[in-house]
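Here's the structure, in structure tokens; my notes come after.
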Amino acid sequence: MSHDGARTPGTLLSRLPLYVGGFMGPFGTVVIVPMFPELREEFDASSSAVSLGFSLYLLPFAALLLVSGTLGERWGRRRTVRGTYLLYAAASIGCALAPNLTVFILARAMQGVANAFITPLLLAGLAETVPADRFGRQVGIYSSFQAFGGGLGPIIGGVAADTNWRYAFWGTMAVSLVLALAPPQGEARRDAEAPSLRPLLTRRMVALGVAFLFAAAGPIGISVLVGVAARDVLDLSGTATGIVLFGGAMSALVLGPTWGRLLDSVGTRKLGLIAAATATLLAGVPSFATSGWALGIMWIIASAAISAVIVIFQALGASIMPTNRGGALSFLLAFRFAGHAIGPILFVPLIGWSVRGAFFMAAGLGLVTTVVIATFREQD
């Protein structure tokens, strides 16, 4: 395996476990969103307390992402990913068997810890299996699988909520065990070859991270507000809420390769500026929905632009530092998932005050992302 920026050939079949692994991260994150009412009843807890099962999955995930990619490159992608899939499976069992909310939240946090070492190393491994001039398209495909996971998560979570919410976590356990059989290539790197954290701490990288954080807390993270509004404002069932969210994910899934091809042809800054500005404008539109059908259609449209923003940042993370792909990607993803953790804490409570206010305040954070991308230069 090359670690100096060269790509080694890879077939679609050999890349499939990487794509499926990309599916698991978003799936595990959002699977609990449609089951909030059932978790409230099961554990006799408030909505704010139950929402910690979402935020405390993301907070340790985001914190560890600052270093997990670099550590995983040092320890070896293969060994690290296999071990953390097994940890994710064990944490899923903890969620499924949780006798109280405290145990459930701790198990969710452990899932987040495991996922911090999986997500960046999979995309870093993908970066070394395709030519540079076709990498954007592969990131688009990878993002499509992520979108599928983010879309199927609410479907499965909603069905589980309407039957037995614990079934969802037995499912994540089973998939994690299967994926542990096919980790990405990449052996341990020692001494002079071991990547360092210091090159990540540049003004350019921090600025990109902050831009990703604001996008995730705002436009990208609007899906949580869509799920809460569907259940608590429009009074949709768990399954119906899952279907609404799935529609947005399918929009991202279908368009992911298209965004990747455009990225290869027009460049990061131009596509990124258009995508960030459009996502900022559209993310608040679902708040006008008065029915499940209207919410679903509005969310599909908004998701199209939001998915382009995700493709751009993931391609940047996996290509901006060829000697430490996993570290650079995980550094940027740390900011993204910190944003995902912060967003619900800031905006979910505001839905009771004003649905449109909550949505448009969240969407407005995308202005910061747009400004940073406008000043970004692909070659410094």
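Here the label points at Arg269 and Leu86, each 7 Å from Cα along the C-beta direction, are separated by 4.7 nm in the simple model. Dipole size of the stretch 28-110 about its Cα centre, with +1 on Lys/Arg Cβ and -1 on Asp/Glu Cβ: approximately 640 debye, rounded to the nearest 20. Under 17 Å from a label point set 7 Å out along the Cα-to-Cβ vector of Thr258, the amide N atoms of the stretch 290-316 belong to 297-312. One Cα centroid belongs to the stretch 140-175, the other to the stretch 218-268; the line between them spans 14 Å. Gain on full extension, evaluated as 0.36 nm per residue between Leu106 and Leu367 minus their Cα-Cα distance, stands at 90.5 nm. Take every Cα pair under 8 Å whose residues are at least 6 apart in sequence, average their separation, divide by the length of the stretch 235-309, and the relative contact order is 49 percent.
For the stretch 224-247, the residues whose amide N sits under 15 Å from a probe point set 7 Å from the Cα of Trp293 along the beta carbon direction are 244. Each of Leu177 and Arg204 was given a label point 7 Å from its Cα along the Cα-to-Cβ line. The distance between the two points is 4.6 nm. Among Phe313, Phe148, the ranking by other beta carbons within 10 Å of each residue's beta carbon, starting with the fewest, stands as Phe148, Phe313.
Sorted fewest first by neighbouring Cβ atoms within 10 angstrom, Met205, Met24 come out as Met205, Met24.
Each value in this text was obtained by applying a stated rule to the coordinates, not by laboratory testing. Just so we're clear, the structure is a prediction, and the values are computed from it rather than from any experiment. For neighbour counting, all protein chains shown are included, and Cβ atoms are generated from backbone atoms with ideal geometry for every residue, glycine included.
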